[in-house]
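Notes for the one structure printed next.
The values are calculated or read from the model by the stated rules, or taken from the named source; none is laboratory data. Given the structure is predicted, the values throughout are model-derived calculations rather than measurements. Here the Cβ is made from the backbone with ideal geometry for all residues, glycine too, and neighbour counts use every protein chain on show. With ligands, DNA and RNA removed, areas are computed over all heavy atoms of the protein, side chains included. Shrake-Rupley method; radii C 1.70, N 1.55, O 1.52, S 1.80 Å.
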Amino acid sequence: QVQLVESGGGSVQAGGSLRLSCAASGRTSSNYAMGWFRQAPGKEREFVAAITWLGSTDYTDSVKGRFTISRDNAKSTVNLQMNSLKPEDTAVYSCVADRLRATVVSGKAGYWGKGTLVNVSS
């Protein structure tokens, strides 16, 4: 089992920045792919970003150029630096992990955190 705990959410004005972190514990493995999903009120959950253990990244189009995903395999952590935030980025952001990148990107990852709320005001 892998436990994922997110931190770093909060409220910010449009144009501001936040940095989310996710700490993995338990039966962790540095070769897991990890990523972030988000769910806004009344909307379906959507993929945000993913990173393989070698550092290859994927982003949804709406965050490209604004968000950066990174990881520290030695510390079993993954971060999401979010810049130029927009009100439409408001959502609960959840950290995910699984052995395969494709599984993470598809939303079928085996491990999910409980999420952290990001609120962007205009």
So, first residue more than 13 Å from ALA24 (Cα to Cα) and part of a strand (DSSP E or B) in the range 92-119, second residue of a type in the set (Val, Ile, Thr) and modelled with pLDDT of 95 or more, Cβ within less than 6 Å, six or more apart or across chains; the pairs are TYR93/THR116; TYR93/VAL118; LEU117/VAL92; ASN119/THR90
Check the range 55-75 and report whether any residue there is polar (S, T, N, Q), modelled with pLDDT under 95 and touching a strand residue (DSSP E or B) at 6+ places or on another chain (Cβ under 9 Å).
no
Would you check if LYS43 is assigned to a loop (DSSP other than H, G, I, E, B) and closer than 24 Å to GLN1 by Cβ?
no
Taking SER56, is it surrounded by fewer than 12 Cβ atoms within 10 Å (Cβ to Cβ) and farther than 13 Å from VAL120 by Cβ?
yes
Within the range 67-91, work out how many residues are more than 11 Å from the chain's Cα centre (by Cα) and either more than 21 Å from ARG27 (Cα to Cα) or part of a loop (DSSP other than H, G, I, E, B) (or both).
13
Here the residues within the range 1-40 that are outside any strand (DSSP E or B), open to solvent by 30 Å² or more (accessible area, probe 1.4 Å) and of a type outside the set (A, V, I, L, M, F, W, C) are GLN1, GLY8, GLY9, GLY15, SER17, ARG27, THR28, SER29, SER30, ASN31
